[in-house]
Structure formats: structure tokens, C-alpha cells
1. Could you order Leu199, Leu97 by accessible surface area, starting with the largest, using a probe radius of 1.4 Å?
2. Sorting Ser176, Ser171 by accessible area (1.4 Å probe), largest first, what list results?
3. Could you check the spin-label model distance between Val137 and Asn71? Points 7 Å from the Cα along Cα→Cβ, value in nm.
4. Report the antiparallel proportion of the DSSP beta bridges in the chain as a percent, rounded to a multiple of 5.
5. In whole angstrom, note down how far apart the Cα centers of region 46-73 and region 178-207 are.
6. Measure off 7 Å from each Cα along the Cα-to-Cβ vector at Leu5 and Asn52, then give the distance between these two points in nanometres to one decimal.
7. Probe of 1.4 angstrom, ligands and nucleic acids ignored: what's the accessible area per residue over the chain, in square angstrom?
8. For the cross-link pairs Lys96/Lys203; Lys38/Lys96; Lys38/Lys111, which exceed 22 Å when the distance is taken from alpha carbon to alpha carbon?
Amino acid sequence: RYAHLPYFLAIDLYNEPNGVVRWSTGDVNASNPANFWKPAVESAAAAVLAANPRLLVFVQGITGNYDGVENTGIPMNWGENFQPQAYQPLAIPLDKLVLSPHTYGPDVYVKSSFSAPNFPANLAAHWDTLFGQFAQVHPVVVGEWGGRYGNGTGGQKDFVWQNAFVDYLLSKGIRSSFFWCYTPNSGDTGGILDDNLNLRQDKLALLN
């Protein structure tokens, strides 16, 4: 359908796998291979690249594999966890694979890490474990992040979270991401446009 479009650059395979989804084997309580993310991703990537070998394949993470190897004590957003990539790597060509985690602050989902006494200094180690550790091998393009940036349910803490996340991305050399979102009608994040359809200059400054 899209192979003839010269600026169509990638396919994001699926949005925020969670629930019964596991990366692959390891969780004795969730052993149905129909719910394994790794083989599903590999099959889908092969089909995408057969149809259009010029494309990149964006892959989101999972919530947890619970296999006794990964660190399951870190609070995770849907689509944020790539830890099993370190020991059960995806069989997708390196020049085609883009890791695309989703991560949010307290406006969207209140993690226990946000109430830690060393917040926000504690966050970088979590992001490293979940996806940042791969940034030297794979392109990491954050597929969703954002929030109301000070006027949402997370209050000032979301403002602090977003600033800390930008500092983290810069420290890892990650320059590409998709900010959620542009229009103001996303209930928990708002947009780059405010409710009066004016640009939020503070969010633009953050993205710059």
C-alpha cells in the first residue's frame, strides 16, 4: 500500500503490548507462545521488509517478561521495557531495527519511582536499564512521551519529569522522538497547542 511513497520511512509494528504479552520464554505462568512478542515482531518485520526493503521497522518494548533475568522491580510503562533484548535479541537486521519505547510521567501514570526521595535523580538509571543501554548499538527513537507540563494531575512533578527526561536524552545522544501530542484534546497529556489552539511556548522550548 505504501511502498510507492518515497518519504514513508518506517512501520511501527504495534502499539504498547502489555497484559499477557511476554518477550519470549521464561515466565512459567505465561508460557503460551501465541503471546510472545519476539517471534511476532520478527515475523512482522520480515513481512514488512519483503514488501518494502527500504523501510525501517520500529519496535516497542513490553511491560515485563518476568523471567527471573530482567529487573522486574523497575516500574514500567506499556511498551517501555527492552531488557530481554540484551539476552534474547530480535532477529531483525541491525540497519533496519529501531527501538521505540514509550515513557510517561505522573500526568499519565504514577510510578512508585516518582515518590522516591531522590526523584528525579533516580530516573536515569531506570531509563538506562529499560532502553537506554541499547542506544550505542541500535537507534532508539522514543515513540511517545509528554504530559501537561505543570498543569495536569501530576502538577509540578510532571514538569520536573519532562525536564529530567530531556536531560537524559541529551546525555545519551538521543535526538529523535515523537512527542505526545500536538492537539490539545489528549486528556492526560494535553498538546503543544493549548485549549485555545495557541502554541505552548514552554513545550516548544523544551523540545528545542
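1. Values: Leu199 85, Leu97 0 Å².
Most to least solvent-accessible, the answer reads Leu199, Leu97.
2. Ranked list, largest accessible area first: Ser171, Ser176.
3. Between Val137 and Asn71, the label points sit 1.7 nm apart.
4. The answer is about 15 percent antiparallel.
5. When both Cα centres are located, 29 Å separates them.
6. Taking the simple label geometry, Leu5 and Asn52 are separated by 0.6 nm.
7. 50
8. Lys96/Lys203; Lys38/Lys111
The values are calculated or read from the model by the stated rules, or taken from the named source; none is laboratory data. Since the structure is predicted, the reported quantities are computational estimates derived from the model, not experimental observations. For neighbour counting, all protein chains shown are included, and Cβ atoms are generated from backbone atoms with ideal geometry for every residue, glycine included. For accessibility, only protein heavy atoms count, side chains too; no ligands or nucleic acids. Shrake-Rupley method; radii C 1.70, N 1.55, O 1.52, S 1.80 Å.
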